[in-house]
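Working notes, beginning with the structure itself.
The values are calculated or read from the model by the stated rules, or taken from the named source; none is laboratory data. From a predicted model like this one, the values you see are computed outputs, not experimental measurements. Cβ coordinates were reconstructed from backbone atoms using ideal geometry, including for glycine residues, and neighbour counts include every protein chain displayed. Each accessible area value is taken on the protein alone, full model and side chains, heavy atoms only, with ligands, DNA and RNA left out. Shrake-Rupley method; radii C 1.70, N 1.55, O 1.52, S 1.80 Å.
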Amino acid sequence: MSEATKAVVKDVTTMASPVSLKFRARAGKDLSRFLRGMKERRIVGRVCPSCNYVYVPPRGACPTCGCPMGDERVLPETGTITTFCIVNIPFEGQKLKPPYVCASVLLDGADVALFHLVGGCDVNEVRMGMRVRAEWVDEADAELSLETIRYFVPTGEPDRPLAQIREHI
Amino acid sequence: MQQPIDGVLEAPYVMEYTYRRSLGPVMSAFFTALRDGRLLGARTASGKLVVPPLEWDPETGAAIAGLEPAAEEGVVTAATWVAAPEPRHLLQEPFAYALIQLDGASTAMLHAVACASLEACPVGTRVKLVWSESRTGSLRDIRCFEPVN
Ligand SMILES: [Zn+2]
């Protein structure tokens, strides 16, 4: 390299040093059924025969009772925000532009909340108890993925009182 | 996402932290020199040449005395065979990973030796450095080493 060129070429002061772990993940029987439900734009949960808790996504065994789970149950696409956070920080691989909201959504009839995104309103309008419904991607774009629900949007119904969702936070 | 016969879904799952680290004065000089087609080692107070350089004398922990050009030829001190290279490897055809002690250096550096088999790269083999055509300031700026006949 000539001295003239050298003057404009900067020193190497950093290096990319990614840490990468490559897995093949197996979803298990219940999560597989849930993901197949997503492809059909249905939300599939499962009921514990002992405590009657409805889990979504479904599990093979009830984490409280330890017994095998019972029947499958298709859940409605409406629910209530129990907790949420506003994401303000950009990071690599992010799909939405901050600020956006991540929320735990307690679907009507379910006993555990589903973690997802909230869209269709200003982030400052999101609150605990807010009623929301799933906004699906088009049928042709439905995948074996939770991303088949694009996000949850406000329904405009009155909020659910905190006393009704307190047990599920 | 695959759908195997047993009905359980499977998918690749990659967990990656996309770090970029700052190099500091010693490693910055080392990688800048690599980009410019020069190999540097660190001279320690006791007179040893550490290649690739370390920021500190491995024996005393003292700061190194300075950086100096290292030889581009040396000797294999240990080697192992990579029969099925992965995309992340330096060479895409089978090669030897070897510890190479460059002439005048007191330590050995790990790099790839392009050769036909492990038998072609026994301990004591003389090798020389082959530069990559396009260099960016990484250890890949050294394409590989090759045996000298
Ligand atoms: Zn139970």
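Here is how the numbers come out for the structure above:
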read-out	value
The one condition in (1) open to solvent by 30 Å² or more (accessible area, probe 1.4 Å); (2) away from the ligand (no atom under 16 Å from the Cβ); (3) within 19 Å of A:S104 (Cα to Cα); (4) in contact with a Leu (Cβ under 7 Å, 6 or more places away or on another chain) that A:E77 fails to fulfil	(4)
Per-region count, region A:125-159, residues within 16 Å of A:L75 (Cβ to Cβ) and open to solvent by 20 Å² or more (accessible area, probe 1.4 Å)	6
Which numbered condition A:S32 misses (of (1) within 14 Å of chain B (Cβ to nearest Cβ); (2) open to solvent by 40 Å² or more (accessible area, probe 1.4 Å))	(2)
Long-range neighbours under 6 Å by Cβ, at least six apart or interchain, first residue within 14 Å of chain A (Cβ to nearest Cβ) and under 21 Å from A:D11 (Cα atoms) within region B:36-65, second part of a loop (DSSP other than H, G, I, E, B) and open to solvent by 70 Å² or more (accessible area, probe 1.4 Å)	B:D36/A:M1
Those residues of region A:100-153 which are of a type in the set (V, I, T), under 26 Å from A:A25 (Cα atoms) and outside any strand (DSSP E or B), in sequence order	A:V112, A:V137, A:T148
Residue selected from region B:48-82 under the condition charged (D, E, K, R) and farther than 22 Å from B:F145 by Cα, by the criterion least open to solvent (accessible area, probe 1.4 Å)	B:D57
Residue pairs meeting the criteria (Cβ under 8 Å; at least 6 apart or on separate chains; first within 14 Å of chain B (Cβ to nearest Cβ) and more than 10 Å from the ligand (Cβ to nearest atom), in region A:47-68; second open to solvent by less than 50 Å² (accessible area, probe 1.4 Å) and in a loop (DSSP other than H, G, I, E, B))	A:P58/A:M69; A:G60/A:M69
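Residues checked against (1) at pLDDT 95 or above; (2) open to solvent by less than 60 Å² (accessible area, probe 1.4 Å); (3) assigned to a strand (DSSP E or B):
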site: B:A84; (1), (2), (3): yes, no, no
site: B:L90; (1), (2), (3): no, yes, no
site: B:A96; (1), (2), (3): yes, yes, yes
site: B:H111; (1), (2), (3): yes, yes, yes
